[in-house]
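Taking it in order: structure first as structure tokens, then the write-up.
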Amino acid sequence: MPACCAGRATRISPDRQSPAPDGYIRDSGGVCVPEHGRADRANARDAASPVFPSLVRLLLDQLDEGVLLLDRDDRIRLWNRAYHEMLDIPREMFVDGGVIAPLIRHLAERGDYGPGDPAALADGIAAAVRARTAAQGERQMANGSIIAAQWIPLDGGWFLFRLRDVTGERNASRFKDELIATVSHELRTPLTVISGALALLRAGTAAGEAHSGELIEVAHKNSERLARLVNDLLDIDKLQSGAPDFRFEPNEMGVLLTAAVEQNRPYADGLGIALALELPDRPVTAEVDRDRLLQVMSNLLSNAAKFSVVGSRVRVRLTPGTADLRISVIDKGRGMSEEFRRRLFTRFAQENRSSEHGQIGTGLGLAICKSIVEGHGGQIHVDTQEGVGTIFHVDLPFRQSPAG
């Protein structure tokens, strides 16, 4: 018995309540109510009043969790908006007093119950429901969300289906695992190199003294690599926690992109890659956070140069549209596999091969780009083909909404 019903209590049985025409039963599915003399009868009368079903509907539709309640005859007596939205099921399939079988068949035919004959799968699920089998599990939906489901038998043969969106929890858990793996490798590797170089210098051996300049350079490069990783970790955490403070101001995009190209030209020149900028005839102005957008361009340009062959050219193209603009970063590098393209913008995403120039990244740059672009109300996407090249497109609105 729930704690709220400690002491003498009576249970309003769902079996004694008639269903309301709006799809909600006239009590809360077997809620315990305190017994205080004649209060039981008063509570029962309140539950039977026409106002009560509307209140139940209002309350249930405020829940983040999805609920669906079956009576002893496997007929739908109660549901809320979150339930059919989480499962992406048409609202029309939920009918007060309707049997659950069509809904089960719909999910089986859609493939929600896994591979196999949909009719056989639906029969198996229906049998488990009739047997009032308690169960729980998780399923990833087509939109990427992860839904945890529970089947809960209730008194009187009633059956409750409960859904919870656990996407955030699972992503946080995965991020923790990825962070541990990254720290153990990405941090340990340069630290080991730095420690080794410093040990040789400290020992004062002939080999160390002869190559002191090289050892100092190795230690310096690896310390920079450590700094990049720590800064990226702090940046992605701030961006994806909803804490970033964007400063949107009108910017002439040709001027901004010129600055981005010039800032990254020394890096590209060092790899033997040329950078070219293609601008429209007329100025294009948009409300952006200049520093954050320069950060996006630095990531895209350095990646394009890193994965291009010596002597090739990376182009930056600005194309204004009616309501938004497009920035394209185009390279003729080796492209990327379809498998990697699908996880390209996730944290720590790296393909299992080094760049054309042996450069090593943190795997956080494109996730940072995605967060910044989406913070502008824009989108970032990629066209790529192995052996041909890659184009990153950044689409941004000219104006920010008042909320932005």
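Okay, here's what the table says:
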{"read-out": "Some residue of segment 109-128 being loosely packed, with under 15 Cβ neighbours inside 10 Å and in contact with an Asp or Glu (Cβ under 7 Å, 6 or more places away or on another chain)", "value": "no"}
{"read-out": "Residue that is nearest to Leu233 (Cα to Cα) [pool: residues in segment 155-183 that are at pLDDT 90 or above and surrounded by 16 or more Cβ atoms within 10 Å (Cβ to Cβ)]", "value": "Asp165"}
{"read-out": "When residues of segment 365-404 are limited to those that are polar (S, T, N, Q) and crowded, with 20+ Cβ neighbours inside 10 Å, the one farthest from Gln295 (Cα to Cα)", "value": "Thr390"}
{"read-out": "Lone qualifier among Arg105, Arg41 - being part of a helix (DSSP H, G or I), at pLDDT below 85 and of a type in the set (D, E, K, R)", "value": "Arg41"}
{"read-out": "Odd one out for Pro250 among (1) surrounded by 14 or more Cβ atoms within 10 Å (Cβ to Cβ); (2) in contact with a strand residue (DSSP E or B) (Cβ under 7 Å, 6 or more places away or on another chain)", "value": "(1)"}
{"read-out": "Count of segment 195-238 residues which are over 22 Å from Leu364 (Cα atoms) and either at pLDDT 75 or above or not in a helix (DSSP H, G or I) (or both)", "value": "20"}
{"read-out": "Every pair of residues 6+ apart whose Cβ atoms lie under 9 Å, when the first sits in segment 316-339 and is without any contact (Cβ under 8 Å) to a residue 12 or more places away in the chain and assigned by TED's automatic domain parsing to the domain that holds Gln385 while the second is surrounded by fewer than 16 Cβ atoms within 10 Å (Cβ to Cβ) and part of a helix (DSSP H, G or I)", "value": "none"}
{"read-out": "Failed condition for Leu68, given (1) closer than 27 Å to Arg170 by Cβ; (2) modelled with pLDDT under 85; (3) of a type in the set (A, V, I, L, M)", "value": "(2)"}
{"read-out": "Pairs where the first residue, in segment 139-151, is closer than 17 Å to Ala108 by Cβ and the second is aliphatic (A, V, I, L, M) and modelled with pLDDT under 85, C-beta under 9 Å, 6+ apart", "value": "Ile147/Met141"}
{"read-out": "Check on Ala131, closer than 30 Å to Arg342 by Cα, free of Cβ contacts under 8 Å to residues at least 24 places away in the same chain and of a type in the set (A, V, I, L, M)", "value": "no"}
{"read-out": "Flag if Leu187 is surrounded by 14 or more Cβ atoms within 10 Å (Cβ to Cβ) and touching a residue at least 60 places away in the same chain (Cβ under 8 Å)", "value": "no"}
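The values are calculated or read from the model by the stated rules, or taken from the named source; none is laboratory data. Bear in mind the structure is a predicted one, so any value in this text is a computation, not a measurement. As a convention, Cβ positions derive from the backbone with ideal geometry for all residues, glycine included, and neighbour counts pool all protein chains shown.
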